Structure formats: C-alpha cells, structure tokens
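One structure below.
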Number of protein chains: 2
Amino acid sequence: MTHLTQPARLAAQTLAAMSTAEKNAALAAISAALDTARNEIFAANAEDIRLGRVAGLRESLLDRLLLNDARLDAMCEGIAQVIALSDPIGEILDEFTPSSGIHVQKIRTPMGVIGMIYEARPNVTVDAAVLCLKAGSAVILRGGKEAIHSNTALVRTMRSALPACPAAISLVTDTSRQSAHAMMHAKGDLDLLIPRGGASLIQTVVRESTVPVIETGAGICHTFVDCSADLAMAAAIATNAKCSRPSVCNAMETLLVHQDIAAEFLPVAFTAMAPYKVEFRGCPTTCALLPQAVPATPEDYLTEHGDFVLNVKIFPDLDSAIAWINTHGTKHSECIVTADHQNAARFRTQVDAAAVYHNVSTRFTDGFEFGLGAEIGISTQKTHPRGPMGLREICTYQYHITGDGQIR
Amino acid sequence: MTHLTQPARLAAQTLAAMSTAEKNAALAAISAALDTARNEIFAANAEDIRLGRVAGLRESLLDRLLLNDARLDAMCEGIAQVIALSDPIGEILDEFTPSSGIHVQKIRTPMGVIGMIYEARPNVTVDAAVLCLKAGSAVILRGGKEAIHSNTALVRTMRSALPACPAAISLVTDTSRQSAHAMMHAKGDLDLLIPRGGASLIQTVVRESTVPVIETGAGICHTFVDCSADLAMAAAIATNAKCSRPSVCNAMETLLVHQDIAAEFLPVAFTAMAPYKVEFRGCPTTCALLPQAVPATPEDYLTEHGDFVLNVKIFPDLDSAIAWINTHGTKHSECIVTADHQNAARFRTQVDAAAVYHNVSTRFTDGFEFGLGAEIGISTQKTHPRGPMGLREICTYQYHITGDGQIR
C-alpha cells in the first residue's frame, strides 16, 4: 500500500497549501478532462458491462455500473456544485486568549489521506475524489472489481488534470481481498477509511480496520404514527418514505402504528401505497386488521429490504415504540408523526439516531437537503461525524497557539 | 459484558433526560459521599498499596496509586469545577430552514455508554465518572488490577449517591485480559471506548477494538529552535517543556535546532536545564558542539522518555525539521520558536499535530489551559475529537427535523 500512500501523503501536503482558487481551478480542470475523455471512458465502461454480463450480474447492478452521456454530464454538474461550495479549510472554529496570555485558534484543517472502499458505482469514484480534493485531502480509492475498467479510466483522466499533484487521486487496481486488508491496516498512512456499500462490506471494515473508520449507510428507518397523528399526513409521509426511492438508506423499512388508530390508519396507508404494490409484512395484530398483510418474521424487522416491502408493527404506546426503534434501528433516520408536541419532544430526546424527524419524511437525510452541498455518505456511528457527511465532515481541526514565550 | 452494559444503557437514558440542575445535584451528592467515605476508601487503598509492595511495584507506581486526604480533597475540588462548567447537552450547534421548509437543528446530545480502560490511577476513576455524568453518558470503568480495591470502594461510594441511576457508573471488577477483550468487542453496547495509559495498552485497544476508539496520550513532542529565534526565550521554553513535568504527554522529548544557531544555542540550553540534570542525547553534530551530550540511537527519537532525558538533533532548514516531526511525532503538540512569522505560518500549515505552538511551551496542551475545564484525556488521532477532550468532546450530536408533512 505504501507505493500509493507515500505519494498520496506528499500530494496531501501540496493540497493543504493550495488556495481555494487553486483547488477550484483543479476541479474545473478535472471536469473538462472528463468531458473530453468521454469516448475513452465509455469504451472502458463497455468492457465492464460486457464482463458483467458474462459473469451474470443482475440487471440492477449492470444499471448502476453503466456510464452514458447523461451520467457523465451529471458528474460534471456535481463538480460544478462542489466548486461553488465554500472552502471548509482554514475556517476558525473557536478562538480564545486564556489568562496565560497565549492566543489559541481552533482551525479546520484537512484530514490528510482518506481511503474509500466501495462497490460497483463509478460515480462514487468521481464524487469522492472531488469532495476530498476540495477538503484538502488526498484520496485512495478502491472500487469493486466489476467497475475496474471504468474506474481506471476515470482516475487516469482526473489525474491527467492534476499535473502538480496527480497522487491527490489514486486507484487501487488490485481488487482482491488482500488490497482491502492492506488498506484496513495502513494505520498512519491512511488517516481515515470510509466504506460504502452493503452491510457485510461495512461490517468487515469496522471489524478489521485499525485505521479510524466512519461507518456508513445501513438504514433500517422507522416511522411511528402516533394516536394523535393527522392520518392523511401520516399516510403521505409513510408513502414517500417507503416508495419514493426504496433502495436508498433513508427509505423507511418499518412502519410502527399506535394501536388506538391502527384499525383506521392501516387501510389508508395500504391504499396510499397501492400504486407501488407495496407488500405489507405485519405483526399478528396488523394481519388481523389488514387482510392484505402477510406475517412478518423477526428477521424482517432487522432487514434493510431496499424494495417495495414494508414491515408493520402495532404498539400500545410511545415508550414501547421508542424501545423498539432503539433495538431494531441502525441509528440513521427515525420519524414520529404526531400532533402531540410533548410526544414529539420525548421521541427526539430518547431516540438514538443521527436524524430524528417530526412530521417530515425520513427521505430528507441527505447532504443536499440539509444544505451541506454534496455528500460522501451518511454516517451511522455516534462518534463524529454523524449523519450526512459533506466537506466539513471529512476535515479535522488543529489548535494553533501563539505567544511571546509563555511557559507553564 | 451485558450484565453491565444493559443497566448502563438504561441509566444513560435517565441521564439524557436529566436537567443541568439534576446532574449538578447528583455530582454534589457524589462529592459529599466521597468526603464521608474517606476512611472506607483509604482502607481499601491501603490494601492495594500493601499488595503492590508485595508484588514489588516500583515507588513511582505506588505513589500514583496512593490516596490520602489531600488527594481526596483534590477529587472533590475537581467535582466542584465540573459542576461549575456549563452543560454541553442541548446546545444548538447549527440551525437552518432549507427551501423545502423543514426546520433542521443540529443539537449536542450525549454519547450514551462510554467505556474507559486505564491503568493504576484511582483519580481517573472519579474524574472520568464525573465528566461522563455531566456529559449525560453512563460510563463503564476498567482500571488496572493494582487499584482494584480502591476503585471498588470509589465506585461503590459514587453509586450510593445515585439512587435513581446507580448504573450510570459501573466498574469492571474482573481485571483479566478477557474483560478488556469483551469491552473492545461490545459494539452497540458501548458507544465509545477511551483507553488511557501506556503506549502498548493504547495500541492494543486501537488494534483490537470494534467499538469506536479515541486514541489518547502518547506524546513525542518536539520544539524546533529556528535560526531567527530569541535564544533566551527558546531556552526558557525548552526548559519548561522538558523539565516542568517530564512524565506527562505534553512534555518535550526532542529538541530540534537550526544549524546556524546550534553552536551558540546548545550550551545555553544545556545550562538552562542543568538544575534538572537533563541528559542530552544528540546526533553527531550535537555531540561535536556540546561535549556533555551522549550519542542518541534511532530508537531514542521514537521514545517517550517521560524523564529528564532529551533527544537533540540539528537541521539545515525548516523543511527538514518539519519532515522529521511528521515522521517521528505522535500528532500531539509541536512547537517552533522563531521571530520569522512566515516560518511560523509554514510550520503551522505543514505540521500534522493536534496543537501547533509558536513561541509557547508545549506544556499548554491541556483542557484547563485551553479553557475547556476538566479533561478526560488528550486525543492524538485526527478524527474528532482531536486534542484535549473536555465535556463537549465526549458528546455526539443529532439532527432534529420538524415540519408539517414535508415529503421529498
């Protein structure tokens, strides 16, 4: 790994000293290079697609892998948005002069060298590289083997736009387990490791890595419909949370319903989701109240379906619903629909998740929606950073202390 | 570990809902209980001291272990200071209303259940318990076996002062390797693990733990005396950094000197430290310029001596000194003494450490000196928190989103 981390460390030092204008110029050069190299990138991508078909990849995975003009345009548009974001580096987070007379500034500074381990989405390659560059860090990317030709072409193109520090963006071309293992144990050479992908990939990295890890993405999100909820609002929120994009991590997996309104609400919710043919998997009470529901297994409630499948469970009160969320959720996004502000406040205080919603769909947990700009993922850990990770969240900070000879 | 973590989780929920006044009352009760139970605590401590003598512990370790009236008074004084600190919980860190109309608040919230693994200093038991309680988290403490009787008495006493939630403070009484292993793998049950102690303890925890860890304390700190430095100031700063308390992590281990002033400065520095009988271990140039110096080994430069031993090395320029610091330091505290503000700025930008000093002794890296109040340790990692860790640094945050039915 040192053949990549050593040049990356030097590139990180160059990036750390670059002005905002210099970083933005580099980003614009990357965008232009990607635009110019379309045909080369598409040819490499076609090879990944061909090999993917031979290997029998399912259509949804082939679709994630595919690059075309629209998707390359979207990458360049994403770069333009990152250029427009304010530079997080050098921001003064705190500043004080204690009685000793020393002057202390707490300053936002680059992380250094960031590693990313992810699966077969080539757009992550560009998104991550661009965000890390603006945040002043070098990045070492290890995408899935299914995207290796696409990623090689994308990274070669981006590096060609960075003559002063090509090693700001590096690709691990060995996609074996050994290279992932090497990244997880490159403590000191990598400052941070961000895994993105399925739960098993993320858990492997969390378990094995000695490099600090940000755990991302697993989302078993709940919506609790309280007895005082506006049922039309609750049905609209639940339908949006489940159906607007079921494959993403901020989609709802489980609908929790207060028993006092369950008989009235369940048919309303079922009808609202009927256009999406959502399968309701319910507890015994749910199945008794809603004939269309099928029985849920205990595993269903611990599964991120990522599909038009909804777990449903009835609760006698708020406390039991909160307890359920805290033992079955993934600390991502949790919602209460209620007209009772005291219950909303209790839900906020007691639910342990990055984002806690009152009368809003969980689908809003997103860097753009929170106004952070682009994001590199959503952290589900409790240590910082938590929730959507934009530019500021992939930086660190440093104390700068100046004086005129103070001793202690 | 679940026999401790499950009650701790429930206690954490109680703590999270407590007002500042309630937490301060609990802290005052703890202080009063410790004051009242002096004799019981001292008797338990005497047993640790007796067994320590039998086991042949060295005097410095026995001294760290010892509790007496003055040290118990200091603990109670520390609690009074924590009571006086403002409550970090509920602080609004950010607040915004994006165009979707949702209202987003980023709020400081408790971490949950924090684990501490440390060695034989019973004062850490009280400091950590008190800081975690004020920060709204339950704590599970595992001190060294040498202090087990003292820790048992201290924790029993503190718990007696918390009738509503005794499990806010728990002690792991099994001091075998198995219990440390169990803590490191209690992912989900522990939200955070903080090791404090020697480098080998900390590295073991970093390597093995699947619970998020804050790496603390190892301090190989440098002071670089630039060619433009005021040599009297440089000697005073170096003497303070090395001699005022050589066993602590913010003490200097290595003095770096610009070659242009080395011949003049080294005798001045040696004389300044003569009252402390500091042994100078130098590079060949140092030994040539300062007859009292003995040759340093490569290992010396990677060793936290914690004693009146000083590594010395001569550098031709600022860049080579910075490169040395970045490969030999522990990202803790680094100092430049210079009259050249451009060099100071370059040092700040390029040195990768939690605290970077210009014309100030590294001994100031400390929660009290930075105005954070009490601290639970000093983080040497780059991920948050970095540097001195006070109340705010052992909290997390949560986004609270409210609206009136927004969907996406």
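The values are calculated or read from the model by the stated rules, or taken from the named source; none is laboratory data. Everything numeric in this text was worked out from a predicted model, so none of it was measured. Quick reminder, even Gly has a Cβ in these numbers, built from the backbone with ideal geometry, and neighbours come from all protein chains shown.
In summary, A:Gly387 fulfils each of the numbered conditions (1) on the phi < 0 side of the Ramachandran plot; (2) buried (at least 24 other Cβ atoms within 10 Å of the Cβ) with the single exception of condition (1). Within segment B:305-321, not a single residue is assigned to a helix (DSSP H, G or I), among the aromatic types (Phe, Trp, Tyr) and in the same structural domain as B:Ala232 (by TED's automatic domain parsing).
Checking each residue in segment A:342-399 for being in a helix (DSSP H, G or I), facing chain B (nearest Cβ under 7 Å) and touching a strand residue (DSSP E or B) at 6+ places or on another chain (Cβ under 7 Å) picks out A:Arg348, A:Phe364.
Checked against the criterion of being among the polar types (S, T, N, Q), over 30 Å from A:Gln381 (Cα atoms) and part of a helix (DSSP H, G or I), segment B:235-257 contains one or more residues that satisfy it. Annotation: B:Val312 fulfils all but one of (1) under 20 Å from B:Ile237 (Cα atoms); (2) within 11 Å of chain A (Cβ to nearest Cβ); the unmet one is (2).
If you go through segment A:348-386 and pick out every residue that is closer than 26 Å to B:Gly115 by Cα and hydrophobic (A, V, I, L, M, F, W, C), you end up with 6. Scanning segment A:167-214 for residues that are within 14 Å of chain B (Cβ to nearest Cβ), in a loop (DSSP other than H, G, I, E, B) and in contact with a strand residue (DSSP E or B) (Cβ under 6 Å, 6 or more places away or on another chain) yields A:Asp191, A:Ser209, A:Thr210, A:Val211, A:Pro212, A:Ile214.
A:Ala339: more than 25 Å from the chain's Cα centre (by Cα), over 18 Å from A:Ser320 (Cα atoms), more than 7 Å from chain B (Cβ to nearest Cβ) and modelled with pLDDT of 95 or more, yes or no? Answer is yes for this residue.
Consider segment A:119-178 and keep the residues that are hydroxyl-bearing (Ser, Thr, Tyr) and modelled with pLDDT of 95 or more. The one that is farthest from the chain's Cα centre (by Cα) is A:Ser160.
Where helices (runs of 4 or more DSSP H) fall entirely within segment B:19-138, those with at least 1 residues that are surrounded by fewer than 15 Cβ atoms within 10 Å (Cβ to Cβ) and acidic (Asp, Glu) are at B:20-36, B:38-54, B:59-65, B:69-84. I need the full set of residues from segment A:180-212 which are in contact with a Pro (Cβ under 7 Å, 6 or more places away or on another chain) and modelled with pLDDT under 95, in order please. Correct list: A:Leu201, A:Ile202, A:Val205.
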